[in-house]
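The values are calculated or read from the model by the stated rules, or taken from the named source; none is laboratory data. Just so you know, these numbers come straight off a predicted model, no measurement behind them. As a convention, Cβ positions derive from the backbone with ideal geometry for all residues, glycine included, and neighbour counts pool all protein chains shown. Side chains included, ligands, DNA and RNA excluded: accessible areas come from the protein's heavy atoms. Shrake-Rupley method; radii C 1.70, N 1.55, O 1.52, S 1.80 Å.
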Amino acid sequence: MRASDATDVSITRRRLLVTGGLGVGLVVAWTVWPRTYSVNLTAGPGEHIYGPYLKIAEDGRVIVAVPQVETGQGVYTTLPQIVADELGADWRTVAVEAAPINPLYANRLFMTELAEGVAPKLAGVADTFATRTAAMVTGGSTSVRMYEEPLREAAAAARVRLCKVASRRWDVEWEECGTQDGFVEHEGKRLRFADLAAAAADEDAPDQLPLRMGKLAGQSLPRLDTPSKLDGSVDFAADVRLPNMVYAAMRQGPVGVHRYAGGDVAAARQVRGLMQLVSTREWVAAVANNSWAAERALELLRPRFETKGALADDRLIATALDEALDGDGTRVVARGDLSASFKDATVFTADYRVAPVLHAALEPMTATASWSDGLLSLWLPTIAPEAARQAVARSLQFDAGNIVIHPMQIGGGFGRGMSAEAAIQAGHLSRQLKRPVQLFWSRAEAIVQGRFRPPAHARMTGRLAGGRVAGLLVKIAAPAYGAAIARTLLPNEAAARSLIGGGDGFAVAGAETPYGIDDLAVDHHAADPKLPLGYWRSGARSYTCFFTESFIDELAGFGGTDPFSFRMAMLGKQPRLARCLSTVAALGGWQGGQAGTGQGLAAHAAHGSFIAVLADAREEGGRVRCDRLVAVADVGRAINPDIVRQQIEGGLIFGLAAATGCAPGFDHGLTRARRMADLNLPRLADAPEISVELLQSNDEPGGASELAVPPVAPALANALFAATGRRYRQLPLGNAS
């Protein structure tokens with residue numbers, strides 16, 4: 001999986017990006033520099049390559065190369081289903097494999113949307129920049145939105161080539177032939193793909209491809225990854241086993257500036273199976289012939305770390321946000337004339353806060369590294385394989401062309417796999433020990449060393465007129481979230497520093513509500529809470545939706561209007577969202593949000609999709625209880641409706657977890673939570689009754705995997721107000737304001 005295998009580049013990316021710093025002009029020039037890329041798929045015995053996405057074997061198998069990582073969201077089914085539909089394949093013969101690193105697979109859509117937030121001047125060339133840097137990223141609900149078109153084109157080209165070979169055997173025009181269930185057909189005659197695969201691979205496809213919509217699109221076909229997960233045959237990163245492999249456990253210091261200052265080495269060496277203690281300035285690792293011995297040795301070592309300056313602390317985080325909110329901000333969204341709207345008017349104001357939260361994935365950080373003859377191979381749960389490869393190369397001062405990344409299926413990473421710390425550490429250990437090393441972080445280490453969704457503090461100010469919101473000012477103090485993500489993905493720090501600056505639209509994404517508010521402004525107040533940040537399922541929308549949808553409810557109350565009717569009156573230009581909202585009110589038995597009903601509503605639009613959520617909630621013994629969640633979503637044309645429902649249901653539970661828990665709390669650079677049990681996550685007994693309705697739509701597919709997360713928290717908060725008469729303006733929920 002070497003990107004160098006797929007490129008014909010006479011000027012290296014490093015040379016252009018580093019020399020003399022990077023300006024906008026240089027980036028634009030770099031993106032238009034002529035460049036060609038070749039396919040680097042590997043064909044097994046009897047397999048024939050049909051472009052970067054597809055292989056057809058002489059035994060009839062159709063193998064789809066998927067550039068997105070399977071994290072449970074179903075891309076190992078949905079993306080192959082697109083190919084099978086366009087190709088006319090038999091679903092029973094479809095297989096899937098991870099695509100190698102190649103600029104041809106770059107997620108241009110994700111990088112464009114990121115650039116729109118952090119580097120608007122470069123948004124127009126971000127797609128080409130993504131290709132140049134082989135930015136393969138799984139995130140942002142982009143899988144179908146990004147890859148449906150190239151997958152359909154690849155399948156259509158293969159279909160034409162198969163038809164050409166069959167048509168010559170039948171002495172007819174290829175346009176008269178069709179495909180279905182793994183056969184090429186013409187007037188009752190049939191030929192298997194298997195019999196045509198070898199000859200068709202040498203055919204040419206026309207420039208204008210005849211795209212079609214077959215019979216598989218829109219069907220809830222069985223998932224391709226389910227059988228191996230049920231029988232345990234699928235390999236996750238921790239399942240990798242290599243000859244002569246050893247096991248390592250890791251300890252790092254508190255969040256902030258620190259260095260390893262030693263420990264009780266004599267006690268650690270008493271552990272049977274311990275082979276070596278390895279330390280750097282930032283961390284110490286125990287290497288043993290089994291994972292238990294490695295972890296036990298670190299427990300006895302009791303490593304010490306020296307720190308400098310202020311360390312992450314709940315009080316310091318809150319102070320940083322308060323100071324940022326009271327300081328100058330950058331206007332990210334401006335619509336109408338807000339100053340005129342607020343002049344001499346009665347306005348309503350409310351403050352909201354969210355704490356930093358964890359991914360809380362079942363799979364802790366892990367990586368397996370094997371150093372041999374100057375080649376480093378890495379098996380890891382990454383959602384950004386090329387970024388991981390470059391990060392390892394920079395840290396080890398090693399040629400990235402000699403690093404091979406094997407992206408494994410992920411045990412619910414929710415964005416955590418965008419960072420590559422474990423890969424760097426495992427690579428360092430393997431190079432030093434000259435043998436394969438599997439590194440596994442303990443649960444406590446994974447929590448303390450998380451890459452957190454940032455904390456935020458919002459001040460909402462609104463004016464009512466005619467039963468509607470006439471003006472809305474959204475001020476959000478939060479770290480430069482998009483800049484942190486860009487620094488993770490860009491090839492080097494010089495590029496990151498040159499491309500980003502000013503207000504961070506990614507940090508306030510979703511704050512521009514879908515409602516028809518004539519005068520609206522969104523300001524970002526950059527704060528630095530001294531926390532490591534990472535991509536988190538739904539990103540900033542998970543807190544901006546809480547701010548806006550909670551405040552919309554409050555404004556409805558100030559205006560004496562039912563929250564449902566209040567919202568509907570402002571959705572005249574959003575018919576798809578209005579339909580979601582009216583349907584969820586009907587299905588959920590909306591009672592007007594009156595006191596004692598315990599019902600709350602929230603709506604959200606993101607990534608071309610729309611959703612409305614109704615929650616039934618109450619407070620019991622000082623704890624928030626959610627009894628029911630009803631969701632109605634319009635995600636456009638659904639490739640596999642069951643997988644979409646799974647993503648909506650999973651998003652609702654994830655949103656519930658983030659609304660009531662996931663916040664580890666900080667004292668002196670360390671999290672107070674050290675176990676999953678400390679995070680107040682919902683258990684099976686806490687799971688509410690869930691109903692999901694998908695609205696039929698012929699619109700282009702929108703995002704589904706992140707859509708349901710943001711509206712859960714405000715729907716719960718609004719339901720708690722209806723149940724208790726108290727407003728909940730903080731996440732996690734639990735403290736009323």
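Couple of notes before you dig in:
- Environment charge of His604, counting only residues whose C-beta is closer than 15 Å and scoring Lys/Arg +1, Asp/Glu -1: 0
- Of the GluC sites (Glu not before Pro) found in the stretch 130-180, those in coil by DSSP whose Cβ has at most 15 other Cβ atoms within 10 Å are Glu173.
- Distance from the stretch 43-87 to the stretch 586-640 (C-alpha centre basis), Å: 37
- Order of exposure, largest accessible area first, which applies to Trp292, Trp170 with probe 1.4 Å: Trp292, Trp170
- Set the Cα radius of gyration of the stretch 65-104 against 2.2 N^0.38 Å, with N its number of residues, and you get 1.19.
- Kirkwood Rh (inverse of mean 1/r, distinct Cα pairs), the stretch 660-730, angstrom: 15.7
- In Hz, Karplus ³J(HN,Hα) per residue of the stretch 642-650 (6.51, -1.76, 1.60; θ = phi - 60°; x = Gly, Pro): 4, 5, 4, 4, 4, 5, 5, 4, x
- Along its first, second and third principal axes, ordered by size, the stretch 147-298 spans 82, 35, 32 Å in Cα coordinates.
- DSSP-defined beta bridges in the chain - what % are antiparallel, rounded to 5: 70
- Proximal lysine pairs, the chain, alpha carbons under 25 Å, eight or more residues apart or interchain: 12
- Rounded to whole Hz, the Karplus (6.51, -1.76, 1.60) HN-Hα couplings of the stretch 655-666, x for glycine and proline: x, 5, 4, 6, 6, 10, x, 6, 8, x, x, 10
- Mean-position separation - Cα centroids, the stretch 367-393 and the stretch 182-238, in angstrom: 31
- Shown in residue order for the stretch 235-250 are the 3J(HN,Hα) couplings computed by the Karplus curve 6.51 cos²θ - 1.76 cosθ + 1.60 at θ = phi - 60°: 9, 8, 4, 6, 8, 5, 10, 10, x, 6, 7, 10, 10, 10, 10, 9 Hz (x for Gly and Pro).
- Taking only alpha carbon atoms, the stretch 212-365 gives an Rg to Rh ratio of 1.20, where Rh is the Kirkwood radius.
- Gain upon complete extension [Ala266, Glu649; 0.36 nm per residue less C-alpha separation]: 132.8 nm
- Eigen-decomposition of the gyration tensor built on the alpha-carbon atoms of the chain gives equivalent ellipsoid semi-axes of 41, 36, 25 angstrom, largest listed first.
- Overall Cα dimensions of the stretch 351-464 - principal axes, largest extent first, Å: 70, 27, 23
- Alpha-carbon Debye profile of the stretch 46-190, log10 I(q)/I(0) at 0.20 Å⁻¹: -1.12
- Cα-based convex hull volume of the stretch 84-133 per residue, rounded to whole Å³: 107
- Cysteines having no other Cys beta carbon under 4.7 Å from their own, within the chain: Cys545, Cys580, Cys626, Cys662
- 13 Å beta-carbon shell around Ser542, net charge (K/R +1, D/E -1): +1
- A Förster distance of 30 Å, applied to the separation of the beta-carbon atoms of Thr280 and Met676, puts the FRET efficiency at 0.60.
- Expressed in Å, the radius of gyration and Dmax of the Cα atoms of the stretch 433-563 are 19.3, 73.
- Helical content of the chain, expressed as a calculated mean residue ellipticity at 222 nm, amounts to -10000 deg cm²/dmol (DSSP H runs of 4 or more residues, -39,500 (n - 2.57) each, divided by residue number, nearest 500).
- Loop-located trypsin sites (Lys or Arg not before Pro) in the stretch 323-387 (DSSP state other than H, G, I, E, B) with a sparse environment of at most 16 neighbouring Cβ atoms within 10 Å: Lys343.
- Shape call, the stretch 198-288: gyration tensor on alpha carbons, a/c limit 1.5: prolate
- Percent of Cα pairs exceeding the 26 Å cut-off, where the set is the stretch 607-730: 29
- Here the stretch 534-640 is treated as an ellipsoid with the same Cα gyration tensor; its semi-axes, largest first and in whole Å, are 22, 18, 15.
- Three-way shape call for the stretch 40-95 based on the alpha-carbon gyration tensor, with the a/c threshold at 1.5: oblate
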